[in-house]
Structures are given as C-alpha cells and as structure tokens.
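Undergrad: Below you'll find the structure I mean.
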Amino acid sequence: MIPELGHFSLILALFLCVLLSIVPLVGSYTNQTVLMKSSTSLASGFFVFTTLAYICLTIAFAQDDFSVKYVASHSNTLLPIYYKLSAVWGGHEGSLLLWAWMLAGWTFAITLFSRHLPLEMFARVLSVMGMVAVGFLLFTLLTSNPFDRLLPDQPREGSDLNPLLQDPGFIFHPPMLYMGYVGFSVAFAFAIAALMGGRLDSAWARWSRPWTTVAWVSLTLGLALGSWWAYYELGWGGWWFWDPVENAAFMPWLVGTALIHSLAVTEKRGVFKSWTILLAILAFSLSLLGTFLVRSGVITSVHAFATDPARGVFILGFLLFVIGGSLTLYAFKAPQVKSVSRFSWLSRESLLLGNNVVFVIITATVLLGTLYPVFADMLGWGRVSVGPPFFNFFFVPLMFIVCVLLGIGPMVAWKKSPLKNIGGLLLKPLTISIVIGLVFPFLYADEYSISAAISVMIGMWVATTTLAEVIHKTRNAPSFMAGLKKLTASFYGMVLAHIGVAITVLGVALNTIYSDQKDLRLAPGSVVTVGGYEYLFYGVKEVKGPNYIAQEGRVEVTKDGRLIAELKPQKRNYLSGGNSMTEASIKSSFLRDIYISLGEPLQEGAWAVRVYFKPFVVWIWLGAIFMSIGGILAISDKRYRAHVKRKQEKLAATQNLAGAS
Amino acid sequence: MHPARKQRLYIVLFIVAFASIAIGLIVFALRQNLDLFYPPSKIAAGEAPLETHIRAGGCVLPGSVVRSTTNLDVEFEITDGPAKVKVYYSGILPDLFEEGEAAVVSGKLNPEGHFMATQVLAKHDENYTPPEVADLAGEGADHQKTCEVISYDS
C-alpha cells in the first residue's frame, strides 16, 4: 500500500508541476496577479508530494519490503538501519527520486526566501523550475519508477547494497553532491526568467547570486566528500581519477566557479550581463549532461546504451530541449542587453574575465576528454580511453594561470588601476613566495624537486597576496583589529575561499610529488622499512562484522623506535555473496597519512600488502572546506537580506546612473 | 572606431586567438594520450604496436596464473577464444581478479609479444564485464556471461 501511495504522490506532483510551468507564466504575460500568485501554492504542493513519495520509498526500505523491486535489489535484512535509509539513493531509480526531491526542495526554498522579488519575476522563476521538474518527474515515472513491484513472486531476501557503498561516505556524499548539481537549476531559472522579461540589471545578479553560491558550496563539499571517500574506501590511495563520473560532477563545478565570479562583476559593475546569463545556462546544461552521462550507460559502452535506449533517449531529448530552448531564447533576447560602463585593461573586470575564460577552457578540455571515447566508439574509430595524462596536461598549467590571476585580481580596483600602484602592493608577496618556494624543497626532502618549488611558490603566492589584500584594506583604520572589524562578510568570504584554494593547491601538488607507495610481501613477524618508517606485520585473523566476515591484518608502524600507529586493514567478504572488499587502514595527520591496504593472501600466512606514504593529503579536502565556509560567509553579507533590500536597491540604481553618466 | 567597439573587437580577437591555441593543444594532447584497446587475437596477429602504451583485455585463462614465491611478480594469460597473450605484472591484483573472469590490462608489449602490464583492472562487481571484453564475444551476446561462454580449449 505504501509504495502505491508513493507512486501516486509522485504522479500528483507531476500534475502540479505541469500547472506550475504553465499557469504563472501565462499570468506573467497577461498580467493577471491571481495566476502569478498561484505559483507559491503550486510549488509548495510539488514539494509536499515529492517529499511524501520520498518518505514512502524510505519506509519501504526500513520495513524490508522486498516486493518492491528497487528495495529487493538494493537492500538486505542484515543491512544496518542507517544504510537501509541511505540505500534509497543506492541505485538509478532512487537517485532520480532524490534528484526530484532536491529540485522540489530548491523550488520550495525560492517561495520562502525570494518573496521580495517583483511578482512577475517570481512567477517566471518558479515556472521555469516547474518545467525542469516536469522533465525529471516524467523521466522517473516513465522509465525508472522506483515503486515497481515484484509480484506475485516476491523474494525472501534482498540482494544487498553494493559493499562499496556501505560506508559513512555514502550517507553524506550523494545528497550533498545532488544538492549542488540540482542547485544550478535555480541560477538557470533566474537567468531564463530574466531573459523572458528582458530585465537584466544588477538587481537580477544580486537576487540570483546567493542561490548560485549555495549551490556552488554544496557542490564543492559534495566533490570533496566524494574524493575523500574514494581515497579511503576504494583502498588504492587515489583521491581523483579523472573518471567520467567524476568529470560529470566536476564540469558544473568549474563553470559554476566562473559563474559566481562573473555574477560578482555583473552585480557590482553591471557588465558581462549576457556572458553571465550564458554561464548560468551552461552550468545547468552541464549538470544535465552529467546526469545523462552517468545515467544512460553511454560511458560504459555505447552498446549498453543501445540495449536500454529508453532512458538515454529521454534524457538526451530533455537535454536538447533545455539547451536548445534556452539558447534560442538567449539568441533573441541577449542582443537587447547593453552594458553601461566600460573598463580598462588593468582592472578587476578584465582579470575576472580572464578567470572566466580560463575556467571555461578547462571545462572544454574536460568535456572533450570525457566525451571523446563515446564519439570514437560511435564513429567506429575503435575503443579508446583518455587517461589522466591528458587531463593533467591541460589542467595543471591552466590552474597555474588561474592562481596567478587570483593573486592579482583582488588587489586591482574596478574600472582602472595604475600599474605602479599594483606593482608596489604585489612586490612583497612575490618575494616571500619565491623565497619560501625555493627553500621548501631543501628542508622537506633529500632530493631537490623543482616542481615542488614551483608549486609552493604558486600556493604561497595565492595565500600571501590574499593576506596582503587584508592588510591593504585595513591600512587606514586606527588599528589593525579595528580595521578587521570594518571589513564586510563577503570580503571575508573571498579571503577564506582564496586561502582554501592555496591550501588545496599545496595539498594536491605536494601529495603528487612526494607520495610514495610500495607493494610488499609480508610474512607474519617480518619488519619492512619504507621511507624511514618501520612496519611490523603480526599476521591476519578473522573478525566478524554485522553483515560480513573479514580478514584483518595487524601492522605496527614505528619510527626511530617510537610507536606511530597500529593499523588494521581488512579484506571483507559480504555474507550476501559475491564481492570481496578491501578496507584500508589509515593513520591521518596534518602533514602526512600512512595508509595500508591488504592485497591477497600468499603462501604460508604471508600477505601482499600495499603501504602508502601520503604527505599533505588532508590539505586537499581542508582547502575545500575553507572554500565552502568562504561561500557561506559571502552570502551571509547583509546586503542580501530582505529588510535592507529596498534601501540597497535605491543605492544600486543611483550607482548605475552614476556609472552610466 | 568607437572606443567601446574597439574594446569589444580586441576582446573577440583575444578569445579567438586563445581558443585556437587551446584547441590545437587539445588535439595534440589527445593524440599523445589515447590508449587504444586491442583484443588478444589482434596482438597475436601482430597488429598491435610494440613498446607503445596500449590496453588489452580478455578472460583470464584458468590455470595460467603463476605467482612468484619471493615477491609480488605474477604472470597469467588472457584470451578471447582464438588467441592468447601472456601478461607479466608486479604488484597487487584487484579484489575481483579471478581465473575464468574478465580482466583489462594496460601497459606495453615487449618485442617477444608479451604484455608488460603496469595496471590490471578486473570487473567492478560480479554482474559487470568491461565493455571491451564483452564485445569480444560478439554483438548481442549476454554481457554478464562472456567469460562463461568463451572456449578455452584452443
């Protein structure tokens, strides 16, 4: 009964969305307030019924209702309850339901937090959200209904959640990632609504900026969580693989990063308006493309796509409709948009444009590398794979450019900055970073690494220029502390996010350069020395988990006779059969991780064991946390709060006039 | 020319120049970094380049896996039915590596036609066969059972 209730709610939600996508829109063009105001209740209804559907599926999982096909193939009675509840997004159908629910959540949030928008804009934004929702709900209901039953022969036992997914990372990573993915639909809806009304001013940018930033923050955290999870769960010490599924989430992030910067320019200076709109459309299109790539099976094989074409064809059609429709609208409306002010070459505008161009190029290379194997396969050029060297070849130098620009950008004034002012400001950070960069490899390792020197330089460059900017901003205050208090929340947001970039850059570079790994054959009682650490292997014993039996090794790590850690890597066999899983054991610390995973048993109690020494690896995710906190700080700035909005709007209007004259 | 137009022209020129350099580099890098896939029969027929980074895949021939007793060296043979190729690897094999199951290896062919693997990939889970290997059994074959239907007698 409960699954049918869920199914029924989802159908109801679809009908509400159809109304939502038509009624307020018609109202906005015919100027009928009643129709426009209906958007609030329709959007709330969409949220309520999708939530109900989501709860119904969760109940089916909690009650082990294996008559539901989706539950039977993704759960098991032995599964701990927290994994049962998160198994809802453990497969294709449930992930889509999560997608739809997130979309409903974002739509509902607009009705709560964007009430101060002009009614016409408000109605159009919600209508566009409704259109996106119609697409996704139709897709879920027609091709991938999670409530399908297996009747009358319902299985006694479910076939279990993939062991890879049975991990705390699985509870947090997908919802966070989806929240970011889907969140770009809000930026998209604002862009389309603005195009429809032809009203692209700095007010528009101010309205959509907080939404975009929230989506970006979620996506940042989602990606970081995913990378961290892959690091400790996959058991082989990597944290980024340039895998198509990762790229699918990374591309919207790249464009999203460009978008939040371009929105800043549009809000503050009223330029780049049509470019910003284009980025908003692009970010959401890439989110959809990501969904298509991951969900249609086209990545694993074009043949897999051909065997079950319904899903792929549907998303492809939807993708074409969204991209084609919005670009057509853009082509008709964008030429009407005029920028009012000009800027010189050395200005914050140009540097941010540089940032945007580089980010878009990075996205293009990632997109090409991801899609090339699909095209090659389709056109019969044989089976190829594009590996990490291709991506790194572009990503590393282009990120270098981004980091160089990042150091200069915040220092430079809007409109125009004389070269010698900036030169004076940048001289100190430049000297400090070069010195630290040159010295670091001497102190850190025996062998001098030039790439480490360059990496430290660039990381320090980002950090020191950002700090120099803080000092520069507080120079006129009576004291440094008093100056700090005067700075706005959004400025602090920028500082934290940029410091985060420096931390991640240092983490990625130093980890890549100084990582060490050894595959060892360890017999019980034997000691092996790797990189100054001694590893004493005590052998392997059997331990029992809730739904698995594991071989657990015990390794003592010592350095100069001092005990550093006792690590217990496992090899798990799940009772539901099939897969065995490598569960690494990690001793994490600020400067380095020691990471051990069990390979396979060899003769006489000996095991193949892989030992990794991973310096600075936690910095990668620490940086992402800084970026996210920065984003949250930026949107907590008081100019986004509704009660000061009117005053601000007047102010913006006068500023715009001043800029135009 | 009107200064605003002039500025716009420069921006457009800059973007065009930058984009063409980028595209050129992309094409160059793609050519450098593509790993082509060869089934064992093509390798045996000498169609695959030597000393070039490639990938190969097939089913692990039952009884062909030989491990060293002193270190982590291992050798095995992969087959697609008509032909087989010997693979050398040093390191830990993935969890799902098994005789009679599909595996994809990447590395280089040495002059003797042996595959010196730097990486061995096995199936993601028990229901999944790498698409390259699945194709070996021919179009329309059941992806899941490729390695069960393949004949190992040859």
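Undergrad: Return the only residue of A:Arg592, A:Arg572 being of a type in the set (D, E, K, R), out of contact with any Cys (no Cβ under 9 Å at 6 or more places or on another chain) and closer than 28 Å to B:Val66 by Cα.
TA: On the way: A:Arg592 fails: closer than 28 Å to B:Val66 by Cα.
Of A:Arg592, A:Arg572, the one residue that is of a type in the set (D, E, K, R), out of contact with any Cys (no Cβ under 9 Å at 6 or more places or on another chain) and closer than 28 Å to B:Val66 by Cα is A:Arg572.
Undergrad: Can you pull out the residues in the stretch A:330-375 that are of a type in the set (S, T, N, Q), within 11 Å of chain B (Cβ to nearest Cβ) and closer than 24 Å to A:Gly198 by Cα?
TA: The answer is A:Ser339, A:Ser341, A:Asn356.
Undergrad: Ok, one more. Consider B:Gly24 against the criteria (1) without any contact (Cβ under 8 Å) to a residue 60 or more places away in the chain; (2) crowded, with 17+ Cβ neighbours inside 10 Å; (3) more than 10 Å from chain A (Cβ to nearest Cβ): it satisfies all of them except one. Which criterion is unmet?
TA: (2)
Undergrad: Tell me, please, whether a residue that is outside any helix (DSSP H, G or I), in contact with a strand residue (DSSP E or B) (Cβ under 7 Å, 6 or more places away or on another chain) and buried (at least 16 other Cβ atoms within 10 Å of the Cβ) can be found in the stretch A:334-356.
TA: Within the stretch A:334-356 (the criterion being outside any helix (DSSP H, G or I), in contact with a strand residue (DSSP E or B) (Cβ under 7 Å, 6 or more places away or on another chain) and buried (at least 16 other Cβ atoms within 10 Å of the Cβ)), the answer is no, since none of the residues qualifies.
Undergrad: On to the next question. Would you mention how many residues in the stretch A:567-596 are farther than 21 Å from A:Ser73 by Cβ and either assigned to a strand (DSSP E or B) or within 14 Å of chain B (Cβ to nearest Cβ) (or both)?
TA: 16
Undergrad: Restricting to the stretch B:55-76, what's the tally of residues that are touching a residue at least 24 places away in the same chain (Cβ under 8 Å) and surrounded by fewer than 21 Cβ atoms within 10 Å (Cβ to Cβ)?
TA: Residues in the stretch B:55-76 being touching a residue at least 24 places away in the same chain (Cβ under 8 Å) and surrounded by fewer than 21 Cβ atoms within 10 Å (Cβ to Cβ): 5 in total.
Undergrad: Please specify each residue of the stretch A:629-661 satisfying the condition of being outside any helix (DSSP H, G or I), modelled with pLDDT of 75 or more and farther than 17 Å from A:Ala205 by Cβ.
TA: A:Ser636
Undergrad: Taking only pairs six or more apart or across chains, which ones have beta-carbon atoms under 9 Å, a first residue in the stretch A:150-168 that is on the phi > 0 side of the Ramachandran plot, and a second residue that is part of a loop (DSSP other than H, G, I, E, B) and not hydroxyl-bearing (Ser, Thr, Tyr)?
TA: A:Asp160/A:Asn76; A:Asp160/A:Leu78; A:Asp160/A:Leu79; A:Asp160/A:Gln166; A:Asp160/A:Asn547; A:Asp160/A:Leu575; A:Asp160/A:Gly577; A:Asp160/A:Gly578
Undergrad: If you don't mind, there's one more thing I want to ask. Outside the structural domain of A:Leu195 (by TED's automatic domain parsing), more than 14 Å from A:Tyr54 (Cα to Cα) and assigned to a helix (DSSP H, G or I) - does that describe any residue in the stretch A:140-151?
TA: Within the stretch A:140-151, one or more residues are outside the structural domain of A:Leu195 (by TED's automatic domain parsing), more than 14 Å from A:Tyr54 (Cα to Cα) and assigned to a helix (DSSP H, G or I).
Undergrad: Taking the stretch A:376-393 only, how many residues are over 29 Å from A:Phe359 (Cβ atoms) and within 9 Å of chain B (Cβ to nearest Cβ)?
TA: Adding up the residues that qualify gives 2.
Undergrad: Filter the stretch A:166-215 down to the residues that are aromatic (Phe, Trp, Tyr) and over 26 Å from A:Ile22 (Cβ atoms), then identify the one that is modelled with the lowest pLDDT.
TA: If we filter the stretch A:166-215 for residues that are aromatic (Phe, Trp, Tyr), which is where we start, we get A:170, A:172, A:178, A:181, A:184, A:188, A:190, A:204, A:207, A:211.
So of that shortlist, the ones also over 26 Å from A:Ile22 (Cβ atoms) come out as A:170, A:172, A:178.
Values: A:Phe170: 87, A:Phe172: 92, A:Tyr178: 92.
Per the criteria, the residue is A:Phe170.
Undergrad: Now for a different question. Out of all the residues in the stretch A:610-628, which are assigned to a strand (DSSP E or B), hydrophobic (A, V, I, L, M, F, W, C) and buried (at least 21 other Cβ atoms within 10 Å of the Cβ)?
TA: To start, the set of residues in the stretch A:610-628 that are assigned to a strand (DSSP E or B) comprises A:610-615.
Narrowing the set further to residues that are hydrophobic (A, V, I, L, M, F, W, C) leaves A:611, A:613.
Result: A:Val611, single match.
Undergrad: Before we move on, is B:Gln32 within 14 Å of chain A (Cβ to nearest Cβ), under 17 Å from the mean Cα position of the chain (by Cα), closer than 25 Å to A:Arg572 by Cα and surrounded by fewer than 14 Cβ atoms within 10 Å (Cβ to Cβ)? Can you show your working first?
TA: Values: within 14 Å of chain A (Cβ to nearest Cβ): yes; under 17 Å from the mean Cα position of the chain (by Cα): yes; closer than 25 Å to A:Arg572 by Cα: no; surrounded by fewer than 14 Cβ atoms within 10 Å (Cβ to Cβ): yes.
Criteria not met by B:Gln32.
Table: residues versus (1) touching a Phe, Trp or Tyr at 6+ places or on another chain (Cβ under 7 Å); (2) outside the structural domain of A:Leu103 (by TED's automatic domain parsing); (3) surrounded by 24 or more Cβ atoms within 10 Å (Cβ to Cβ); (4) part of a helix (DSSP H, G or I).
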site	(1), (2), (3), (4)
A:Gly183	yes, yes, yes, yes
A:Ala187	yes, yes, yes, yes
A:Phe190	yes, yes, yes, yes
A:Ala193	no, yes, yes, yes
A:Leu200	no, yes, no, no
A:Val214	no, yes, no, yes
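Undergrad: Tell me, which strands (runs of 3 or more DSSP E) wholly within the stretch A:457-551 include 3 or more residues that are touching a strand residue (DSSP E or B) at 6+ places or on another chain (Cβ under 7 Å), within 14 Å of chain B (Cβ to nearest Cβ) and farther than 30 Å from A:Pro397 by Cα?
TA: Per the criteria, A:516-522.
Undergrad: Moving on. Wholly within the stretch A:4-97, which helices (runs of 4 or more DSSP H) include no fewer than the required count, namely at least 2 residues that are modelled with pLDDT of 95 or more and surrounded by 19 or more Cβ atoms within 10 Å (Cβ to Cβ)?
TA: Output list reads A:33-62.
Undergrad: Another one. With respect to the numbered conditions (1) modelled with pLDDT of 75 or more; (2) crowded, with 19+ Cβ neighbours inside 10 Å; (3) of a type in the set (A, V, I, L, M), which one is the sole condition not fulfilled by A:Leu327?
TA: Tallying (1) modelled with pLDDT of 75 or more; (2) crowded, with 19+ Cβ neighbours inside 10 Å; (3) of a type in the set (A, V, I, L, M), A:Leu327 fails exactly one: (2).
Undergrad: Answer yes or no as to whether B:Ala48 is farther than 30 Å from A:Thr582 by Cβ, modelled with pLDDT under 80 and within 13 Å of chain A (Cβ to nearest Cβ).
TA: In short, no.
Undergrad: Condition test on A:Ala550, is it surrounded by 18 or more Cβ atoms within 10 Å (Cβ to Cβ) and closer than 30 Å to A:Leu510 by Cα? Write out each step before concluding.
TA: On the way: surrounded by 18 or more Cβ atoms within 10 Å (Cβ to Cβ): yes; closer than 30 Å to A:Leu510 by Cα: no.
So A:Ala550 does not fit the description; no.
Undergrad: Follow-up. Step by step: first the residues of the stretch B:96-131, then only those that are of a type in the set (Ser, Thr, Tyr) and at pLDDT 85 or above, then the one that is surrounded by the fewest Cβ atoms within 10 Å (Cβ to Cβ). Which residue is that? Let's see the steps before the verdict.
TA: So in the stretch B:96-131, the residues of a type in the set (Ser, Thr, Tyr) come out as B:106, B:118, B:128-129.
Filter once more, keeping what is at pLDDT 85 or above: B:106, B:118.
Values: B:Ser106: 19, B:Thr118: 12.
The extreme case among them is B:Thr118.
Undergrad: Is there any pair linking a residue in the stretch B:85-100 that is facing chain A (nearest Cβ under 7 Å) to one that is assigned to a strand (DSSP E or B) and among the charged types (D, E, K, R), with Cβ under 6 Å and at least six apart or on different chains, and which?
TA: Pairs that qualify, where the first residue is facing chain A (nearest Cβ under 7 Å) and the partner is assigned to a strand (DSSP E or B) and among the charged types (D, E, K, R), are B:Gly91/A:Asp519; B:Ile92/A:Asp519; B:Ile92/A:Arg610.
Undergrad: Residue check: is A:Leu219 within 22 Å of A:Gly623 (Cβ to Cβ), aliphatic (A, V, I, L, M) and buried (at least 23 other Cβ atoms within 10 Å of the Cβ)? Give the steps one after another, and end with the answer.
TA: Working: within 22 Å of A:Gly623 (Cβ to Cβ): yes; aliphatic (A, V, I, L, M): yes; buried (at least 23 other Cβ atoms within 10 Å of the Cβ): yes.
Taking the combined requirement at face value, the residue satisfies it.
Undergrad: Within the bounds of the stretch A:242-252, is there any residue that is in the same structural domain as A:Thr365 (by TED's automatic domain parsing), surrounded by fewer than 20 Cβ atoms within 10 Å (Cβ to Cβ) and not in a helix (DSSP H, G or I)?
TA: yes
The values are calculated or read from the model by the stated rules, or taken from the named source; none is laboratory data. Since this is a predicted model, take the numbers as computed values, not measurements. Backbone-built Cβ (ideal geometry, glycine too); neighbour counts: all protein chains shown.
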